[in-house]
């Protein structure tokens, strides 16, 4: 008699790879981890402690070339499309990235050095050795956006405090007889004011600014340039502003920017006065102010977009416990 044949226990069907939670969970976790790491890195790049990347500021009253070209070019969609011919040529030369970083005209190693270190013809870009290409804003021409002032008057200077640093602000005006069609040289400048550690309108970033009162040089008429050098006392990093002005009895009006350019409430002397006549070219003038949504906010948008992607991946692919 043959012994009974042992029965073979039934085998479970091998799960299809697509239906295996364990097979899918590992790759999804890895993908989420990578995206989360990218989001964290991007977030830190926006909100990191001030350093070379975030330590910026230029004059907003009177407006520097980069600031006013940004104001002139910024559209409702966030694109920069300048109407001012000088600003448009600068964008054609070096793109819009410098204007999204209008507050970043810097030299990381200047340490207060001026003539002999920053070459003649490169003052407005601080030697053009910073993280962005500002060389086009050194162009010697007469059609940059212009702030209208009165010689001998007292005004309030406003300088962006995108990042806060101790230091001295040294201000110069061009000499009588200066030719704006020639490259700006150190010999063209006359110092007229310095201010150390001025107060701030608000915390760093956004629309905040340092402010102080100055009496403008007397006896000036016609077109000039106000050059501001910010010398940090805690670092060799320095910042540079070239503001095109005309001494014609004005009170801070700006010409050469698009009609309806978006300024916030910054008046030239804290008086709240506004003047909006039309200039000879038919462009509206605007009282000086600042509406800034700099590049950091675009980066923040990227961080939020990545966070949304992470959430969608988790909901779409990570198996739920039952």
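Here are some notes:
- Residue within the range 82-100 that is more than 21 Å from residue 142 (Cβ to Cβ), modelled with pLDDT of 95 or more, within 15 Å of the chain's Cα centre (by Cα) and outside any helix (DSSP H, G or I) present: yes
- Selected residue (criterion: nearest to residue 57 (Cα to Cα)) from residues of the range 165-178 that are surrounded by fewer than 15 Cβ atoms within 10 Å (Cβ to Cβ) and either touching a strand residue (DSSP E or B) at 6+ places or on another chain (Cβ under 8 Å) or free of Cβ contacts under 8 Å to residues at least 12 places away in the same chain (or both): 166
- Out of 130, 126, one residue alone is out of contact with any helix residue (DSSP H, G or I) (no Cβ under 6 Å at 6 or more places or on another chain), modelled with pLDDT of 95 or more and assigned to a loop (DSSP other than H, G, I, E, B). It is 126.
- Failed criterion for residue 207 (all others in (1) more than 24 Å from the chain's Cα centre (by Cα); (2) more than 18 Å from residue 248 (Cβ to Cβ); (3) surrounded by 16 or more Cβ atoms within 10 Å (Cβ to Cβ) hold): (1)
- Residue in the range 114-125 that is farther than 15 Å from residue 242 by Cα, surrounded by fewer than 24 Cβ atoms within 10 Å (Cβ to Cβ) and in contact (Cβ under 8 Å) with a residue 24 or more places away in the chain present: yes
- So residue 143, is it over 20 Å from residue 232 (Cα atoms), surrounded by fewer than 22 Cβ atoms within 10 Å (Cβ to Cβ) and in contact (Cβ under 8 Å) with a residue 60 or more places away in the chain: yes
- Top-ranked residue in the range 179-204 [being out of contact with any strand residue (DSSP E or B) (no Cβ under 9 Å at 6 or more places or on another chain) and farther than 18 Å from residue 123 by Cβ; ranked as surrounded by the fewest Cβ atoms within 10 Å (Cβ to Cβ)]: 203
- Number of the exception - residue 179 against (1) farther than 24 Å from residue 107 by Cβ; (2) part of a strand (DSSP E or B): (2)
- Residue match in the range 186-202 (condition: free of Cβ contacts under 8 Å to residues at least 40 places away in the same chain and touching a helix residue (DSSP H, G or I) at 6+ places or on another chain (Cβ under 7 Å)): no
- Subset of the range 182-200 (residues that are under 10 Å from residue 225 (Cα atoms) and in a strand (DSSP E or B)): 189
- The residues in the range 231-258 that are assigned to a loop (DSSP other than H, G, I, E, B) and touching a helix residue (DSSP H, G or I) at 6+ places or on another chain (Cβ under 6 Å) can be counted, and the count is 2.
The values are calculated or read from the model by the stated rules, or taken from the named source; none is laboratory data. On a predicted model such as this, the values are computed, not experimentally measured, just so you know. Positions of Cβ are generated from backbone atoms using ideal geometry, with glycine treated the same way; all protein chains shown enter the neighbour counts.
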